[in-house]
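*Asks:* I am attaching a structure below and will ask some questions about it afterwards.
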Amino acid sequence: MSKIEWDDSLSVGVAAIDDQHKNWIECFNSAAEAVEAKHETAQVIKTLAFLVDYTEDHFSTEEKYMTENDYPGLAEHKEKHDELKKTLADLVRDFQEEGATRPLADGMDTFLGNWLANHIHEVDMKFSSFVREKGITIPAATP
Ligand code: FEO
């Protein structure tokens, strides 16, 4: 399992979003590590649930920024968010049905991990370019 490490290449240049992405990566790494190490079921469920909650909160927050600022790419971006939420829900269901199997660990590692980094690099970066071009200020927010 290769963890995702935050570095400047993942920065979208908007501090409020970068801060959320750092937390999101931390949640992802904790969940992936718990699955990989086959931690106790309760521990894996806790980390996966935290990842699901944080992902939903982050996506909602990002979509709120897009709506408030009339971002023309909102529908396309939201579609990507919905795809990831479904993938994550499928992984959680797989865990609940089959436990911390090798395919689940691989799914976390390759598919979800790659998706997350690619999404930040390609999709979120488009929104942050829009934010910078328009001179929009995104306030610091939680999550
Ligand atoms: Fe940062 Fe579009 O998720």
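The values are calculated or read from the model by the stated rules, or taken from the named source; none is laboratory data. What you see is a predicted model; the values in this text were computed from it and never measured. Don't worry about glycine lacking a Cβ; one is built from the backbone with ideal geometry, like all the others, and counts go over all protein chains shown. For the accessible areas, the whole protein counts, side chains as well, though only heavy atoms, and no ligand, DNA or RNA atoms are used. Shrake-Rupley method; radii C 1.70, N 1.55, O 1.52, S 1.80 Å.
*Asks:* Along the charge dipole of the range 10-92, which of 50, 21, 81 sits closest to the positive end, that is, farthest toward it, with unit charges on the beta carbon of Lys, Arg, Asp and Glu (+1, +1, -1, -1)?
*Replies:* The residue sitting farthest along the positive end of the dipole is 50.
*Asks:* Return the loop-located GluC sites (Glu not before Pro) in the range 1-81 (DSSP other than H, G, I, E, B) with at most 14 other Cβ atoms within 10 Å of their own Cβ; answer none if there are none.
*Replies:* Working: sites: 5, 26, 33, 36, 40, 56, 62, 63, 68, 76, 79; in loops: 5, 40.
Passing sites in the range 1-81 are 5, 40.
*Asks:* How about residue 85: which lysines have a C-alpha closer than 19 Å to its C-alpha, ignoring those fewer than 8 places off in the same chain?
*Replies:* Those lysines meeting the cut-off are 22, 46, 64.
*Asks:* Taking the alpha-carbon centroid of each part, what is the distance from the range 1-52 to the range 110-142 in angstrom?
*Replies:* First find each Cα centre; the distance between them is then 16 Å.
*Asks:* Given R₀ = 30 Å, what would the calculated FRET efficiency be for residue 60 paired with residue 106, taking r from the Cβ atoms and rounding to 0.05?
*Replies:* On the way: r = 29 Å, r/R0 = 0.96.
In this case the efficiency is close to 0.55.
*Asks:* If you count only protein heavy atoms and use a 1.4 Å probe, how large is the accessible surface of residue 127, to the nearest 10 Å²?
*Replies:* Roll a 1.4 Å probe over it and residue 127 shows about 0 Å².
*Asks:* Note down, for the chain, the three equivalent ellipsoid semi-axes (square root of 5 times each alpha carbon gyration tensor eigenvalue), biggest first, whole angstrom. The partial results should precede the final answer.
*Replies:* Working: eigenvalues 165, 41, 32 Å².
Computed over the chain, the values are 29, 14, 13 Å.
*Asks:* Rounding to the nearest 10 and keeping the result within 0 to 90°, find how far the Cα-based axis of helix 74-98 lies from the longest principal axis of the chain.
*Replies:* 10 degrees
*Asks:* Given 0.36 nm per residue, what is the gain on full extension from residue 84 to residue 125 after removing their alpha carbon distance, in nm? Each step should come with its number before you reach the end.
*Replies:* Numbers: separation 41, 0.36 × 41 = 14.76 nm, distance 1.69 nm.
Here the answer is 13.1 nm.
*Asks:* Roughly how big is the range 60-143's charge dipole about its Cα centre, with Cβ charges of +1 (Lys, Arg) and -1 (Asp, Glu), in debye to the nearest 20? Let's see the in-between values first.
*Replies:* Details: 10 positive and 17 negative charges, 52 e Å.
Here the size comes out at about 240 debye.
*Asks:* Can you work out the FRET efficiency for the pair residue 76 and residue 33, with r the C-beta to C-beta distance and R0 = 22 Å, to the nearest 0.05? Walk me through the numbers before you get to the answer.
*Replies:* Numbers: r = 32 Å, r/R0 = 1.45.
Efficiency for this residue pair is about 0.10.
*Asks:* On the accessible surface of the chain, probed at 1.4 Å, how many percent belong to carbon and sulfur atoms?
*Replies:* Numbers: 3800 of 7630 Å².
Result for the chain: 50 percent of the exposed heavy-atom area is carbon or sulfur.
*Asks:* May I pose another question? How many Å² of accessible area per residue for the range 16-114, probe 1.4 Å? Walk me through the numbers before you get to the answer.
*Replies:* Numbers: 5060 Å² over 99 residues.
Dividing the accessible area of the range 16-114 by its residue count gives 51 Å².
*Asks:* Which value, in Å² rounded to 10, gives the accessible area of residue 132 with a 1.4 Å probe and all protein chains present?
*Replies:* 120 Å²
*Asks:* Rounding to the nearest 20 debye, state how big the charge dipole of the range 4-142 is about its Cα centre with +1 on each Lys and Arg Cβ and -1 on each Asp and Glu Cβ.
*Replies:* Working: 13 positive and 29 negative charges, 32 e Å.
Its charge dipole is roughly 160 debye.
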